[in-house]
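Novice: Take this structure first; my questions come after.
The values are calculated or read from the model by the stated rules, or taken from the named source; none is laboratory data. Given the structure is predicted, the values throughout are model-derived calculations rather than measurements. Cβ sites come from the backbone with ideal geometry, for glycine too, and all protein chains shown count toward neighbours.
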Amino acid sequence: MKLKPWWHEHHVACKIFAISTRFFRKSNMSTWLGLTWVDWSVLLIYLVLVTSIGIWSITMVRNVGDFFMGGRRFGKFFMMFFAFGSGTHSEQAVSVVAGTWRAGLAGIWWQFLWLWATPFYWVIAPVMRRMRALTTSDFFEARFGTSTASLYAVFGMMIAITGIGGGLYGSGKMVNALTGGELEVVAEQLEWEVVPEVSLRPLDLSFRSLQGYELAILAMAALFLAYGLAGGLGAAIITDFIQGILTIVFSFLLLPWLLMKVNWSLDAGHLIKPNMFDLFGRADVAEILGKESISVFYVCMLSLTALTGIVVQPHIMGVCGAGKTEWEGRFGFTAGNFIKRICTVAWTFIGLACVVWYLGDNSPLPDQQRDELKVVAQNDFSGLTEAERKEHLSVDKEFADELFGRAAYDVLPGVMPGLVGLLLASMLAAIMSTCDAQMIVASGLFTENIYKRFLRQDGTQRHYLWVGRAASIVIVILALLLQTTFTDVIHALQVIIKTPAAIGISFWFGICWRRWNTPAVWGSSLVCFGTWFFVANYPDLVAQVDSLQFVMNKNGQVNTAWQIFMYLTAGTLAGIVLSFITPRISPEKLNYFFRLMRTPVRLGEVVANPCTLPEDPLPPVPKWFHHPDIEIPRPTRLDVGGFLLSWCIVGLIIAGVVWLAS
């Protein structure tokens, strides 16, 4: 970030104070940044609470295991809210509401794409806990070797930085809307400049003015840095218990009041936005979104890449591994994510209610603005030039990005004082519970798998703790730079989904197929990532192949679903081929790893180093298939019963959405 010199007019702090004072004077001290004193009081109580927890958690941090894995001391309900809190943030709610505004009920798939993966969490969580790892990089070290651990450390930090950047971007948009746009005024008067999107073709780098939503981003980053740096993952898990409850409040607080605005009926939605309740999107959604239709194939590909990548999200090892035993991780990972799916339904119907209210006869919008947005909703661009059409689409996209916050700002103040502050506190809880977990595990990847391995191997525990804290700051700075490149919240979400899949392929093959080796990890990851980069950034070269014309959309880009199909297929085939033409990993290394993976965790066991067995381990679970190269533990009744029950819950959620929409 580029700032003007401190002596320019005023010191920055003085300048902010002066601007704030003017806002108070204009409003007779009744509001500041669009919020009343009651809202600020609610927000202050929340901030004092989580900050106090972070400071208190310092007393429980004695070594890197306490900082990066919370001492593995948490029960199932703490783990449930940790899984829910670390995987749920306001950017997701914003993206679902924005997607629903633009695509109708089909917008639910921007979060429901993980619905199909949820039953597999029940199965994979015990396996990850049995690895007894501090970070996912430890798994790659134990299964393949040092080079792959370093490769994952780099990928893992990229994934975390992308997740933090995307989450902050969407949340900043919402905070800006909750202030009624007053943050924009503050940003204009501060006159700060930031680096905008960097173009790769051709390379272009310039500066632009700081936006109001980016001021909110800076404030949120400072908050979760404060308690995350102090107490590590333990502080994150404890605060997530509180923040998880607030996130549920955040998800359902607005819905009933919006439904009251439309007289508890969404019937008019069919007239306002044709086929608004189609689960797979209307035929012209591709033109509205500028990309492609939300078809069954699109949903299947997004779900597949989500399942491929979820296991290598840096915070997932903590979600599965910070509990006392594998049961805590299994219950927490699965139940916490089912709570998130239910919240997704609420977000979707908030979006549908917004369509009926803002575009209907009782709209609070000026008639001209409502009519402009209605043109896009009904895909009626007749009589408009191409430039006017693009302008309408741009306005609609910007409106959609801030819709959740705008609806809260328009509805909640008239209900009861303090509700906007409660929503803002809940929203901050949602984003910070995710970002602190991502930050801590990413700093753990750097500290344990790069710094400790290659730079200094003889440091003290205190030294490595401070290296981890310093790395956390750098990671957040990089995330702040990345968020400046996003164009909208849906774009941010798509980047978050795709990034982990490149190395996620190797995780899945690595836990069940002995032949998958070190060259396969490198080849699969690089080919997968390279294919994605190529088809996303050089579509003109793809279009030159006549047999690939069907993968192109009207804008000359490769469809997202076909991008996913191409890079997953290329990465998988590259890994399989390399596994057969390169030497196997030594049987001794593989035997120890798969014994570790099949040995249940004993309550209170102590392991000397990551990915090692305790002195008196429990007997290993036998293999399911007696094949020399297939390594799948024999499922228990608990495994099968929970897996089937999870699929029943998936069916009930889908049926509930269809019933509610009907």
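Novice: Could you tell me whether Gly383 is among the small types (Gly, Ala, Ser), over 24 Å from the mean Cα position of the chain (by Cα) and either surrounded by fewer than 16 Cβ atoms within 10 Å (Cβ to Cβ) or modelled with pLDDT of 85 or more (or both)?
Specialist: It is true that Gly383 is among the small types (Gly, Ala, Ser), over 24 Å from the mean Cα position of the chain (by Cα) and either surrounded by fewer than 16 Cβ atoms within 10 Å (Cβ to Cβ) or modelled with pLDDT of 85 or more (or both).
Novice: Quick check: anything in segment 566-589 assigned to a loop (DSSP other than H, G, I, E, B) and in contact with a helix residue (DSSP H, G or I) (Cβ under 6 Å, 6 or more places away or on another chain)?
Specialist: Yes, segment 566-589 contains a residue that is assigned to a loop (DSSP other than H, G, I, E, B) and in contact with a helix residue (DSSP H, G or I) (Cβ under 6 Å, 6 or more places away or on another chain).
Novice: Taking interchain pairs and intrachain pairs at least six residues apart, which have beta carbon atoms under 6 angstrom, with the first residue in segment 86-101 and assigned by TED's automatic domain parsing to the domain that holds Thr162 and the second at pLDDT below 80 and not in a helix (DSSP H, G or I)?
Specialist: That search, which allows pairs on different chains as well, returns Ser86/His315.
Novice: Can you tell me which of Ala408, Ala430 is modelled with pLDDT under 80 and buried (at least 20 other Cβ atoms within 10 Å of the Cβ)?
Specialist: Sole residue among the options that is modelled with pLDDT under 80 and buried (at least 20 other Cβ atoms within 10 Å of the Cβ): Ala430.
Novice: For segment 105-117, name all the residues that are surrounded by 24 or more Cβ atoms within 10 Å (Cβ to Cβ) and modelled with pLDDT of 85 or more.
Specialist: The answer is Leu105, Ile108.
Novice: Looking only at segment 94-142, which residues are assigned to a helix (DSSP H, G or I) and among the charged types (D, E, K, R)?
Specialist: Arg102, Arg129, Arg130, Asp138, Glu141
Novice: What helices (runs of 4 or more DSSP H) completely inside segment 268-342 contain at least 3 residues that are β-branched (Val, Ile, Thr) and at pLDDT 80 or above?
Specialist: 296-310
Novice: Name, by its number, the condition in (1) more than 30 Å from Pro314 (Cα to Cα); (2) at pLDDT below 85; (3) in a helix (DSSP H, G or I) that does not hold for Ala437.
Specialist: Here Ala437 clears every test but (1).
Matching residues to (1) touching a helix residue (DSSP H, G or I) at 6+ places or on another chain (Cβ under 6 Å); (2) part of a loop (DSSP other than H, G, I, E, B); (3) surrounded by 14 or more Cβ atoms within 10 Å (Cβ to Cβ):
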residue	(1), (2), (3)
Phe594	no, no, yes
Val607	no, yes, yes
Pro614	no, yes, yes
Phe625	no, yes, no
Gly641	no, no, no
Ile653	yes, no, yes
